[in-house]
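The values are calculated or read from the model by the stated rules, or taken from the named source; none is laboratory data. All values reported here derive from a predicted model rather than from experimental measurement. Using ideal geometry, Cβ is built from the backbone for each residue, glycine included, and neighbour counts are taken over all protein chains shown. Areas reflect the complete protein model, heavy atoms only, side chains present, ligands, DNA and RNA absent. Shrake-Rupley method; radii C 1.70, N 1.55, O 1.52, S 1.80 Å.
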Amino acid sequence: DEIKEEFRPKLHFTPEKNWVNDPNGMFYYDGEYHLFYQYNPYGTKWGHMSWGHAVSTDLIKWNHLPVALEEENGVMIFSGSAVVDWNNSSGFGSGSKPAIVAIYTSYDAKTGFQHQSIAYSNDKGRTFTKYKGNPVLNIDSKEFRDPKVFWYEPEQKWIMTLALSTEHKIQFYSSKNLKDWNLMSEFGPKGVITGVWECPDLFTLKYKGKTKWVLGVNLGSGSIAGGSGLQYFIGEFDGKNFVADQSASEKSNEVNYIDYGKDFYAAVTWNGAPDKKGTKTWLGWMNNWQYANDIPTNGWRGSMSLPRKLILDKEQGKYIIRQEAVQSVENYIKSKTKLKGETLARINQKIEETDLKELTFEMAYEFEPSKISGHLEFEILNNDKSIFQLTFNKSTNEFVVKRVDNNLKDEFQSTQKITLSNNADKSINVRLFLDKNSVEVFINDGRYVFTNVIFPKDFNTKIHFSSTDDSLSKMKAITISKY
Ligand code: FRU
């Protein structure tokens, strides 16, 4: 394939060429964030899965490195994690530097079996050696994958979360040396169990000094917007068992989704990142298995979401997670324009942006719902056709996203909705990042997020921001930041 750049984002990670899916093996060491990823070195569709590799000091600007772990003799390298073995528990360390140990699913394409294997690096993750004793965990299963390992300080041991995908169970194993693993407990089935369970992650977040445990479970299909997505559980973990909190809403089987759009999948957190105040950092693959192999880029296919901070919060007595774009993205702002109410009134209740060759910007706005009558709408038009709308409806207190692309299949067309909880006199804030092939919308400090890819053609793109009446002029400032 010839590499075409037309949809290439500026702020989001993409491989230089070929296919990418899940983020893998994310760890932080010596000032560098490492991002490995499911990669096909030989083509633009899923296949020959290997781990591609990139590093960054700020999570936005990525330095591409050679493939770190390659498919060998028909055994693919599926998703997994990586840790810094500070205490040399594995014995793979040499000299004064700790070994980096990758833990991944080895998938034998001939037999279909999925085992867990490890590989180590003595040069800061640049090159890896597969362990001779692989696999380190084998239960004769074809649906057993995506090990996420972390260090459990209180008991000085490693813990691995793994998905029994078709059984809708997460298993928890422990190890002292990353080689011998013992099953401790299981979680599930629970919540959404229509599609396979993949890429689990167990991590802590803090709310007002209180530590809670979060179990993220990626759903291959059957998520809120259709197809792939992520549900999470908040609860307690004692080093052995994870128990989800029994809130009133959980009894009514309400599911916690992290993202209400179609394109946020396989997200897992960074190990060892310098996170502040009990937060964590992660990103997801900005795609959906319903159409991932068909999106219309050339020479490369797939991208990651913006890296995001995870923040634990409470809403009506219930813990929820907010997501905010990492702050370092703002270092790339080239110009900022603030539009005030009276300016908006002068431009006829409609902002129209047509100078969008770059199509990379952020729009932030805030309004009081009591001052809106009717609706407030952000719209992207491509060749004069509407391809994306984000509408706030005053009467229903809903945000509705609509994405349309007649060149793509039915599953790509989508309407997404969230209803805000009672907030009539609380102001609502929206941050929207548009970066060529995606729109990420963060509502109320990331309480609700919609992540969606888009494919506007021919650079003929316009943005409209409008209201049914004079509501726009009553808005607080609208900021447009160009990147
Ligand atoms: C999730 C997933 C994982 C698997 C990998 C294979 O998207 O299906 O379960 O390890 O992709 O590429």
Mean residue ellipticity (222 nm) of the chain, computed from DSSP H runs ≥ 4 via -39,500 (n - 2.57), nearest 500: -500 deg cm²/dmol
Low-density loop positions, GluC sites (Glu not before Pro), segment 229-330 - DSSP coil, at most 15 other Cβ in 10 Å: E254
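DSSP loop chymotrypsin sites (Phe, Trp or Tyr not before Pro) in segment 18-64 with at most 11 other Cβ atoms within 10 Å of their Cβ, which ones? Mind showing how you got there, number by number?
Details: sites: W19, F27, Y28, Y29, Y33, F36, Y37, Y39, Y42, W46, W51, W62; in loops: Y42, W46, W62.
When the chymotrypsin sites (Phe, Trp or Tyr not before Pro) of segment 18-64 are filtered for loop state and at most 11 Cβ neighbours within 10 Å, nothing remains.
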Dipole of the chain, positive end: most advanced residue of Y448, G195, N182 [Cβ charges, Cα centre]: Y448
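What order, most packed first, do the peptides 272-282, 160-170 have when packing is the mean number of other Cβ atoms within 10 Å of each residue? Mind dumping the intermediate values first?
Working: 272-282: 16.0, 160-170: 22.5.
Per-residue mean Cβ counts within 10 Å order the peptides as 160-170, 272-282.
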Per-residue SASA entry for K45, accessible area with 1.4 Å probe, Å² rounded to 10: 100 Å²
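About its Cα centre, what dipole magnitude does segment 1-94 give when the only charges are +1 on Lys and Arg Cβ and -1 on Asp and Glu Cβ, stated in debye to the nearest 20?
Details: 6 positive and 13 negative charges, 44 e Å.
Taking the Cα centre of segment 1-94 as origin, the dipole is about 220 debye.
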Charge-dipole axis of segment 97-161 as Lys and Arg at +1 and Asp and Glu at -1 on Cβ define it, positive-most pick from I103, L137, A119: A119
Estimated distance in nm for a label pair at D108 and W86, the labels positioned 7 Å out from Cα along Cα-to-Cβ: 3.8 nm
Point-charge dipole on Cβ atoms (K/R +1, D/E -1) for segment 69-208, about Cα centre, debye to 20: 380 debye
Heavy-atom accessible area ranking, 1.4 Å probe, most first, across T391, T204: T204, T391
Cross-link table K61/K334; K142/K190; K17/K385; K17/K45, entries beyond 19 Å C-alpha to C-alpha: K142/K190; K17/K385
Calculated FRET value between K409 and K176, using beta carbons and R₀ = 41 Å, to 0.05: 0.25
Accessible surface of the chain [probe 1.4 Å, protein heavy atoms]: carbon and sulfur percent: 46 percent
Distance (nanometres) between label positions extended 7 Å along Cα→Cβ at E143 and E330: 4.5 nm
Residue among G52, W289, P41 farthest towards the positive dipole end of the chain, charges placed on Cβ: G52
Relative contact order for segment 372-483, counting Cα pairs under 8 Å that sit 6 or more residues apart, in percent: 29 percent
Accessible heavy-atom area order of H464, H53, H375, highest first, probe of 1.4 Å: H375, H464, H53
FRET efficiency estimate (nearest 0.05) - Cβ-Cβ, K476 to N73, R0 60 angstrom: 0.50
Inter-probe distance in nm under a simple model that places probes 7 Å from Cα toward Cβ, at R126 and K314: 4.9 nm
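Give the percent of DSSP beta bridges with both residues in the chain that are antiparallel, rounded to the nearest 5. Mind showing how you got there, number by number?
On the way: 154 of 157 bridges.
DSSP beta bridges in the chain are roughly 100 percent antiparallel.
Defining a contact as two alpha carbons under 8 Å apart and six or more residues distant in sequence, what relative contact order in percent does segment 154-212 show?
On the way: 87 pairs, mean separation 17.9, N = 59.
RCO, segment 154-212: 30 percent.
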Residue-normalised accessible area of segment 125-190, given per residue in Å² at a 1.4 Å probe: 44 Å²
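For the chain, with only Lys/Arg (+1) and Asp/Glu (-1) charged at the beta-carbon, what is the dipole magnitude about the Cα centre, in debye rounded to 20? List each step's numbers first, then the result.
On the way: 59 positive and 60 negative charges, 178 e Å.
Using only the charged Cβ atoms, the result is roughly 860 debye.
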Extension gain, K385 back to S421 (0.36 nm per residue minus Cα-Cα distance, nm): 9.7 nm
Solvent-accessible heavy-atom area per residue, rounded to whole Å², over segment 277-317 at 1.4 Å: 29 Å²
